[in-house]
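Participant: Below is the structure I would like to discuss, written out as C-alpha cells.
The values are calculated or read from the model by the stated rules, or taken from the named source; none is laboratory data. In this text the structure is predicted, and so the values were computed from the model without any measurement. When we count neighbours, we look across all protein chains shown, and the Cβ atoms used for this are built from the backbone with ideal geometry, even at glycine.
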C-alpha cells in the first residue's frame, strides 16, 4: 500500500463535503476520481453499507490511483467532518489494567475486579449524538456533584474532567434484530478502527453512577478521529491476545489472533504523559461484537464500539488522568513546569496511534470553559 491513513469526509472552499482517502498529507477525492456515487455523500455510511468486497476493492483502486500519480487535495486546504453518522455508541471496559487500577482506587479493601469482569466484556450504552470529530472544542460539562466532605450535592462545572485513551471499531454491515453475530464474522461486519477520546467528568460520574452506571459524566462529548483506518490496512498487526482465565463461554471463543498491535500515546498541552499499546487489551474487538449481539440486539451501519480506557502495567502507561494521578492525589508535572490532577480550561489533549509503519489519524480536543 502507498501509506494510506484511511477514509473520511472533507470539504474545500468551493466544494460540498464528500468522501476522500487520506494518503500522508494529501486526500484522494474518491467522487472526482470516478469511483462511485456513494463517495459524493457527506458521510461514509453509504459506502460502509456496501460490505467487505466493496471496501477492499475500493482500497485497491485508491491505492492504484495514488501510485499512478493522481492529484491529491492538500490536507491544509481541507476541512474534515465527522466521518460517519453514528447509529449507536457502546463503550466497553476491556483493559484489565484499567479495570484493576480503578477498582483499587475505589474499592481498596476488596477485590479490584467485580465478579463478572473476567466472564464478559462489561460495557455501557453511550450517546451517539454527542460523538464529535477530532478538533472540536470540548466545553467543560455542568451537573450535580457531591464530594465526601459535602453534606449536600451542588450544581456547577465539573472540577475533575478527564480524558480516556481508547480504540474504537466502526460497523459497516448491520444485522437483523434477533440475530446473533459470531465473533468469527467480525471482518464481514466491521469496516475499520478509529482512535477515541471518551471524555469523562469524574465528579459527575461518581455521584450519579449507582445503580445504573455512567450517564451525564460521559454523555457530553466523545471525540473520534477524522479518518477511519480500514481493517485491510491492519492485517499484519493482529497478534495473540493476553491469556483469559477462566476460559470464556463458547460464544466468546474466537479462534485466531485478534489483539491489535497499535502503539498509543497521550499528549497533554505539549507534553507526552502516557505511552501504551492496544495489544494488551483483555477483551478483543470480536469478543465485544459477539457479546453486544448475543441477546439479539441488531447491528447498524455506523455503530461505534469503543474499547474503554487502555492502560498498561507500568506507571506512565495509564490511559486516563484519574489513574496517572491516583485520583488527583499525585499530580503529574508537564514540560512547562505546571502540574495537573485533572484537565484545566485551555488544555489540549492529543491521542496518537501507530501500527508499524502506519500512523492512525489523531484525535485532538481543547477544553473550553463551562457554560453553567
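Participant: Can you tell me which of 346, 357 is surrounded by fewer than 22 Cβ atoms within 10 Å (Cβ to Cβ), more than 19 Å from the chain's Cα centre (by Cα) and modelled with pLDDT under 95?
Facilitator: 357
Participant: Tell me which residues, restricted to the stretch 322-338, are more than 20 Å from residue 99 (Cβ to Cβ) and either in contact with a strand residue (DSSP E or B) (Cβ under 8 Å, 6 or more places away or on another chain) or modelled with pLDDT under 95 (or both).
Facilitator: Passing the criteria: 331, 332, 333, 334, 335, 336.
Participant: Sticking with this one: Pick from 308, 312, 319: which is modelled with pLDDT of 95 or more, surrounded by 18 or more Cβ atoms within 10 Å (Cβ to Cβ), under 20 Å from residue 120 (Cβ atoms) and touching a helix residue (DSSP H, G or I) at 6+ places or on another chain (Cβ under 7 Å)?
Facilitator: Residue meeting the stated conditions: 308.
Participant: Output the residues belonging to the stretch 51-81 that are within 17 Å of residue 300 (Cα to Cα) and surrounded by 18 or more Cβ atoms within 10 Å (Cβ to Cβ).
Facilitator: Selection gives 55 alone.
Participant: Going residue by residue through the stretch 343-364, is there one that turns out to be in a strand (DSSP E or B), closer than 22 Å to residue 203 by Cβ and in contact with a helix residue (DSSP H, G or I) (Cβ under 7 Å, 6 or more places away or on another chain)?
Facilitator: Within the stretch 343-364, none of the residues are in a strand (DSSP E or B), closer than 22 Å to residue 203 by Cβ and in contact with a helix residue (DSSP H, G or I) (Cβ under 7 Å, 6 or more places away or on another chain).
Participant: Out of the residues in the stretch 322-342 that are within 14 Å of residue 267 (Cα to Cα) and assigned to a loop (DSSP other than H, G, I, E, B), state the one that is nearest to the chain's Cα centre (by Cα).
Facilitator: Within the stretch 322-342, the match that is nearest to the chain's Cα centre (by Cα) is 342.
Participant: Among strands (runs of 3 or more DSSP E) lying entirely in the stretch 26-104, which contain 3 or more residues that are in contact (Cβ under 8 Å) with a residue 60 or more places away in the chain and under 28 Å from residue 284 (Cβ atoms)?
Facilitator: 89-92
Participant: Give me a count of the residues in the stretch 214-254 that are more than 14 Å from the chain's Cα centre (by Cα), farther than 21 Å from residue 61 by Cα and in a loop (DSSP other than H, G, I, E, B).
Facilitator: 15
Participant: Would you pick out the residues in the stretch 11-22 that are crowded, with 24+ Cβ neighbours inside 10 Å and either without any contact (Cβ under 8 Å) to a residue 40 or more places away in the chain or under 10 Å from residue 78 (Cα atoms) (or both)?
Facilitator: Answer for the stretch 11-22, where residues must be crowded, with 24+ Cβ neighbours inside 10 Å and either without any contact (Cβ under 8 Å) to a residue 40 or more places away in the chain or under 10 Å from residue 78 (Cα atoms) (or both): just 19.
Participant: Still on this structure, please answer the following. Give 168, 174, 156 a once-over and let me know the one that is modelled with pLDDT of 95 or more, part of a strand (DSSP E or B) and under 30 Å from residue 278 (Cβ atoms).
Facilitator: It is 168.
Participant: Could you grab me the full set of residues in the stretch 175-196 that are under 19 Å from residue 47 (Cβ atoms), out of contact with any helix residue (DSSP H, G or I) (no Cβ under 6 Å at 6 or more places or on another chain) and surrounded by 21 or more Cβ atoms within 10 Å (Cβ to Cβ)?
Facilitator: 189, 190, 193, 194
Participant: Then there's this: State whether the residues of the stretch 207-216 include one that is surrounded by 22 or more Cβ atoms within 10 Å (Cβ to Cβ), in contact (Cβ under 8 Å) with a residue 60 or more places away in the chain and assigned by TED's automatic domain parsing to the domain that holds residue 351.
Facilitator: no
Participant: Tally the residues that are in contact with a strand residue (DSSP E or B) (Cβ under 8 Å, 6 or more places away or on another chain) and crowded, with 16+ Cβ neighbours inside 10 Å, restricting the search to the stretch 245-262.
Facilitator: So the answer is 5.
Participant: Could you check the stretch 114-147 and list, in sequence order, the residues that are out of contact with any helix residue (DSSP H, G or I) (no Cβ under 8 Å at 6 or more places or on another chain) and in a strand (DSSP E or B)?
Facilitator: 125, 131, 132, 133, 138, 139, 142
Listed here are the residues, each with its yes/no results for (1) surrounded by fewer than 23 Cβ atoms within 10 Å (Cβ to Cβ); (2) under 25 Å from the mean Cα position of the chain (by Cα); (3) in contact (Cβ under 8 Å) with a residue 60 or more places away in the chain.
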residue: 146; (1), (2), (3): yes, no, yes
residue: 162; (1), (2), (3): no, yes, yes
residue: 165; (1), (2), (3): no, yes, yes
residue: 173; (1), (2), (3): yes, yes, yes
